[in-house]
Amino acid sequence: QVQLVESGGGLVQPGGSLRLSCVASGNIASVYGMGWYRQAPGKQRELVAASPSGGSTNYADSVKGRFTISRDNAKNTVYLQMNSLKPEDTAVYYCNARIKRSFMMVASDYWGQGTQVTVSP
């Protein structure tokens, strides 16, 4: 079994910063792309930032210049540094990873349980 566990969400004032972390654990052979999505109330889940395996990172236009995604491959961990937060960044943030489990032929997508980020005065 594979688990993704996020942490680091919370309540922050506009202009503030938060750092999200997501650790993948379990029966893992390889971790490929990792990324962060978010879903605000009444809206569809959207990609925030992605870190493809061996490729360059990419960001939603709304967060470019404010958010930074990074990875520690040795720890199967992905981070999202969020600066200059705005009220419209309020959402549940989900970690996503494409992982090949040991003894499996193909990789599958896995999701974390989500962490709430609220930006409010």
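Taken together, the values in this text are just the output of simple stated rules run on the coordinates, not laboratory data. From a predicted model like this one, the values you see are computed outputs, not experimental measurements. Cβ: placed from backbone, ideal geometry, glycine included. Neighbour counts: every protein chain shown.
Measuring how big segment 32-120 is from its alpha-carbon positions, Rg and Dmax come out at 13.7, 46 Å.
Cα centroid separation, segment 46-121 to segment 1-15: 10 Å.
Is any residue of segment 89-109 close enough, with backbone N under 16 Å, to a label point placed 7 angstrom from the Cα of residue 47 along the Cα-Cβ axis, and if so, which? Answer for segment 89-109: 94-99, 109. Taking each residue as 0.36 nm, the span from residue 116 to residue 7 lengthens on full extension beyond its C-alpha to C-alpha distance by 38.3 nm. Quick one: which residues, 5 or more positions from residue 16 or on another chain, have an amide H under 5 Å from its amide H? H modelled 1.01 Å from N in the peptide plane, none for Pro or chain starts. The list, which skips near neighbours in sequence, is 85.
The Cβ shell under 11 Å around residue 27 holds other residues with a net charge of +2, Lys and Arg each +1, Asp and Glu each -1.
Note on residue 100: lysines with a C-alpha under 26 Å away, same-chain residues under 8 apart excluded, are 75. In this simple spin-label approximation, residue 104 and residue 25 carry label points 7 Å from Cα along the Cα→Cβ vector, and these lie 1.8 nm apart.
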